[in-house]
Amino acid sequence: MTDNKEEIRDFIRKNYAEVAQKGAEGGCCGGECSCSGSLVDIAEISAKIGYTEGDLSSVPPEANMGLGCGNPIAIASLKDGEVVLDLGSGGGFDCFLARRQVGDAGYVIGVDMTPDMVRLARKNAEKSGYTNVEFRLGEIEHLPVADSSVDVILSNCVINLSLDKEQVFKEALRVLKPGGRLSTSDVVATAQLPRLIKEDLALIASCIGGAEYVEDIKAMLQSVGFKDIRLTPKDNSREIVKSWAPDKNIEDYVASYIIEATKEEREMQKVIQNLP
């Protein structure tokens, strides 16, 4: 990967600003145009990565740009009254699904580094009259969220875009309440990425070039203090990934994974701290 982190970050931000401006017309890695430029169907892509027709019909259509690589909400076991944080919330699609599950007593916060995405998500929420969801501008490496204030963190194909993934996990642990849960869908590397893929800005912005090796992701989660870490490949991962760039054989190098972990309960932390 090129060493100019700001250049990469700016490229990613501009890429997703363009996607936001297109709205439900979609963007790279799902949506109206795949990374190869071929036309694909958003509803078909959404079904392939794990969303139901009920999911699609229950949220503003402008919120779904077909950008994910899985459905983290399907495995998050959200409960009424919980506070949920979505890293890289885009147009608000997963936030709007989450708000239904946590109910009026719950609350959902979406964070995105692209002003156009935040504006789009806020517009979608206001138009739909949603009052238990809000969207904040910020980077997932430096979350605008208070310590120990969130029950569940969601993210859908976003952490791979970060240039400092361990810092993302540190921030996730900071904002989670004791016993809180991380439930994300992401692209990880399953083999060493060729240099041409790692240095291709378009492929980095398309959730491929910045993918971290799966065992390194596990090590990062362990290093920052997460427990009960589970990394599970999606059954149809190769089909999902191949559709993004059919002519590059990227499914031989990266895969769509569900990544789950928990923050230790406070009582257990106290016990450990008091050990001689």
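Restricting to the chain, what percent of DSSP beta bridges are antiparallel, rounded to 5?
45 percent
Treat the count of other C-beta atoms within 10 Å as a stand-in for reagent exposure and order GLU53, GLU212 from fewest to most.
The order, fewest Cβ neighbours first, is GLU53, GLU212.
Calculate, axis by axis, the spread of Cα positions in the range 57-105 along the three principal axes, and write the results as whole Å, longest axis first.
Taking the Cα atoms of the range 57-105, the three principal extents are 28, 19, 18 Å.
Modelled label-to-label distance, ALA43 and SER58, 7 Å Cα→beta-carbon offset: nm?
Going from the ALA43 label point to the SER58 one covers 1.8 nm.
In the chain, with Lys and Arg counted as +1 and Asp and Glu as -1 at Cβ, which of these residues, GLN222, VAL83, ILE250, has the Cα nearest the positive end of the dipole, that is, farthest along it?
Final value for the positive-end residue is VAL83.
For the pair ASP252/ASP10, report the inter-label distance in nm, with labels modelled 7 Å from Cα in the Cβ direction.
Using points 7 Å along Cα→Cβ, the separation is 3.5 nm.
Quantify how much of the Cα-Cα distance distribution of the range 136-276 extends past 18 Å, in percent.
56 percent
List the pairs from LYS22/LYS79; LYS14/LYS198; LYS14/LYS177; LYS48/LYS248 whose alpha-carbon separation is above 23 Å, in the order I gave them.
Pairs exceeding the cut-off: LYS22/LYS79; LYS14/LYS177.
Normalised by the number of residues in the range 5-264, what is the relative contact order in percent for Cα pairs under 8 Å and 6+ residues apart?
18 percent
All other residues with a Cβ under 11 Å from the Cβ of ALA76 taken together, and with Lys, Arg as +1 and Asp, Glu as -1, what is their net charge?
-3
Have a look at GLU260, GLU126, GLU62 and tell me which one the Gaussian network model of the chain (Cα, springs below 10 Å) gives the largest fluctuation.
The residue with the greatest mean-square fluctuation here is GLU126.
Since every read-out is calculated from the coordinates, none of them should be taken as a lab result. Computed from a prediction, not measured in an experiment: that's the story for all the values here. Backbone-built Cβ (ideal geometry, glycine too); neighbour counts: all protein chains shown.
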